[in-house]
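One structure is given below, encoded as C-alpha cells.
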Amino acid sequence: MTLKVGIVGCGKIAGNHARALQQVPGVEVIGCCDPDLGRAQEFAALHGIPAAVSSVEQLLALGLDACTVCTPHPVHEEVVVAAAEAGVHVLCEKPIAVDVAAADRMIEAADRAGITFGVLFQRRFWPAARRIRDAIDDGRIGLPTLGEASVILHRPSSYYSADAWRGRWDTDGGGVLMTQAVHQIDMLAWFMGEAVSVSGFIRTHTHGEHIETEDSASAVISFASGGTATVTATTGANHNLGNRVTVIGRTGAMASVLEFPEGHEGVNEIWTVPGEVEFQSPYSADVDANLDVGAVNAALTDFHTLQVQDFADAVLTGREPAVTGRDARASLAIIAAIYESSRTGKVVELSSTPTLATTAKEQK
C-alpha cells in the first residue's frame, strides 16, 4: 500500500518533512499547501511534489491518506480537526497547540474519526534518549526521583524578525518554552512520568525590543511518582550551549542526554549505571555553536525521518505512533502551568491549568 501524504505549511521546518517523507518506503508526497501560493509552488518545485495549492481544503481534496502539519503553532488546531473530519491521519509539528483546551479538541476530533494522530518530538528517537528510557524500564536507573532540563541557546534578533509570527502571544503562543524548550520538557515528562504541579517564572531579559513573550524561564515540576525536576531555559545566551536532560533514579544511577551543538545527535554525557559508568563532554571552544536555525533543523532530518517512518508504520498497522497527541498534551500543560505560575506567583496544579489563550491575555 502506498501512503499518499500532503504537507500543510511550506515554511522552514517543512523542508525536513519533505526530505524525511521521501526517504520512507511506501510513502508518496502528492501535494503541499500554503496560504502564500507562490511559496507553495516554489516548495513543490524544490522537492518534486506534484501539486501545490493554497488551502487545506484543496489539499485534502487531492485524496490524501495522511498529512503533516508545519504551520505556525496557533493554526495547528484547525488543520488537525479538518484533517480528522476528512478521515486523514495527521502528524503535527510541536507544540501540539498553544492552548490546552485546543489540544483536547484536537485529540477528541482524532478519537471521533478514528485516525492516527502523532506529534513530532524527533529527539525521542536519539539512541541516547532511548537508552535512558530503557534503563528506567528495566530497573538499572529505576523510577526517576530527580530530573533537570537545561536549554541554553543563542538566538539573534534576526531570528525573531525573520517571521512576523515569532515571539508574539497570539501567533507563537509563547517564547523559549513554547518554541525551543518544549522538546526537553517533553523528554523530561517521558522519563519522569505524569506531572502534577508546577511553580515557575518567565522573564524577557535580552530580546525585549523584538518579542513580547519570554526569552528566559525557570521552573520546578512535581510528578505523581513523588519525583521533582527543574527547568532552565533561555534564548539569550551569547554562546549556544545546547540542551541537556538529566535524571537520577531510585537506584542512585544518573544519566543525561546532551545535545551540543544544537541540532546534533544527543549523547549520554553522564552515565553512572553500575558496571557501565561513562562520561564524555562534546563541549569545545573550537566548535561553531551559534548555528543558524536552518542548519539546526537540517541536522535533525535523520530523526525526523525515523519518526515519520514510525508514524507511517503506525498508520499501516493500526498501532499507536511513538508520540501520540495525548503524549504531546503533557508538555503543553506543563508550559501553560509555568506561564500561569509566573503570572500569579502561585504553585499551579495541573488539573486546574488554564488555557494559554487566557494566560496570554493576562501576560499583556
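The values are calculated or read from the model by the stated rules, or taken from the named source; none is laboratory data. Because the structure is a prediction, the values reported are computed rather than measured. In this analysis, Cβ positions are derived from the backbone assuming ideal geometry, glycine residues included, and neighbour counts consider all displayed protein chains. In case anyone asks, the SASA skips ligands and DNA or RNA and just uses the protein heavy atoms, side chains included. Shrake-Rupley method; radii C 1.70, N 1.55, O 1.52, S 1.80 Å.
Test Cys10 against the criterion of being at pLDDT 95 or above and part of a strand (DSSP E or B), and give yes or no.
In short, no.
Entry remark, the stretch 259-279: residues being over 15 Å from Met187 (Cβ atoms), in a strand (DSSP E or B) and open to solvent by less than 10 Å² (accessible area, probe 1.4 Å) number 1 in total. Name the residues in the stretch 277-301 that are touching a residue at least 24 places away in the same chain (Cβ under 8 Å) and within 27 Å of Asp138 (Cβ to Cβ), would you? Result: Pro282, single match. Does Phe43 satisfy being of a type in the set (Phe, Trp, Tyr), within 14 Å of Gly11 (Cβ to Cβ) and in contact with a helix residue (DSSP H, G or I) (Cβ under 7 Å, 6 or more places away or on another chain)? So Phe43 fits the description; yes.
Of the residues making up the stretch 270-288, those that are at pLDDT 95 or above and of a type in the set (Val, Ile, Thr) are Ile270, Thr272, Val273, Val277. Restricting Gly175, Gly226 to those that are under 25 Å from Gly294 (Cβ atoms) and out of contact with any helix residue (DSSP H, G or I) (no Cβ under 8 Å at 6 or more places or on another chain) reduces the list to Gly175. Of all residues in the stretch 302-322 being open to solvent by less than 10 Å² (accessible area, probe 1.4 Å) and in contact with a helix residue (DSSP H, G or I) (Cβ under 6 Å, 6 or more places away or on another chain), which is modelled with the highest pLDDT? Going through the qualifying residues, I end up with Gln307. Within the stretch 36-57, track down each residue that is in a loop (DSSP other than H, G, I, E, B) and surrounded by fewer than 22 Cβ atoms within 10 Å (Cβ to Cβ). If the condition is that a residue be in a loop (DSSP other than H, G, I, E, B) and surrounded by fewer than 22 Cβ atoms within 10 Å (Cβ to Cβ), then Asp36, Gly48, Pro50, Ser54, Ser55 are the ones that fit. Does Glu212 meet the test of being closer than 25 Å to Ala337 by Cβ, assigned to a loop (DSSP other than H, G, I, E, B) and of a type in the set (Asp, Glu)? So Glu212 passes the test.
Checked against (1) modelled with pLDDT of 95 or more; (2) over 23 Å from the mean Cα position of the chain (by Cα), Met1 passes all but a single condition, namely (1). Whether any residue in the stretch 1-11 is within 23 Å of Pro72 (Cβ to Cβ) and without any contact (Cβ under 8 Å) to a residue 60 or more places away in the chain is what I want to check. No: the stretch 1-11 contains no residue that is within 23 Å of Pro72 (Cβ to Cβ) and without any contact (Cβ under 8 Å) to a residue 60 or more places away in the chain.
When the stretch 13-35 is examined, which residues are found to be in contact (Cβ under 8 Å) with a residue 24 or more places away in the chain and part of a loop (DSSP other than H, G, I, E, B)? Within the stretch 13-35, Ile13, Gln22, Gln23, Val24, Gly26, Asp34 meet the criteria. Within the stretch 50-61, residues that are modelled with pLDDT of 95 or more sit with their Cβ atoms under 6 Å from residues that are open to solvent by 50 Å² or more (accessible area, probe 1.4 Å) and of a type in the set (Gly, Ala, Ser), at 6+ positions apart or across chains, in these pairs: Leu60/Ala86. Here is the figure for the stretch 229-258: residues that are surrounded by fewer than 20 Cβ atoms within 10 Å (Cβ to Cβ) and closer than 27 Å to Asn290 by Cα total 7. When Ser256 is tested against (1) in contact (Cβ under 8 Å) with a residue 12 or more places away in the chain; (2) over 30 Å from Arg105 (Cα atoms); (3) not in a strand (DSSP E or B), only condition (3) is not met. Looking only at residues that are touching a strand residue (DSSP E or B) at 6+ places or on another chain (Cβ under 7 Å) and buried (at least 24 other Cβ atoms within 10 Å of the Cβ) in the stretch 167-183, which one is nearest to Gly242 (Cα to Cα)? So, considering only residues that are touching a strand residue (DSSP E or B) at 6+ places or on another chain (Cβ under 7 Å) and buried (at least 24 other Cβ atoms within 10 Å of the Cβ), the one nearest to Gly242 (Cα to Cα) is Ala181. Residues that are touching a Phe, Trp or Tyr at 6+ places or on another chain (Cβ under 7 Å) and not basic (Lys, Arg) were ranked within the stretch 117-157; the one that is nearest to Leu332 (Cα to Cα) is Gly118.
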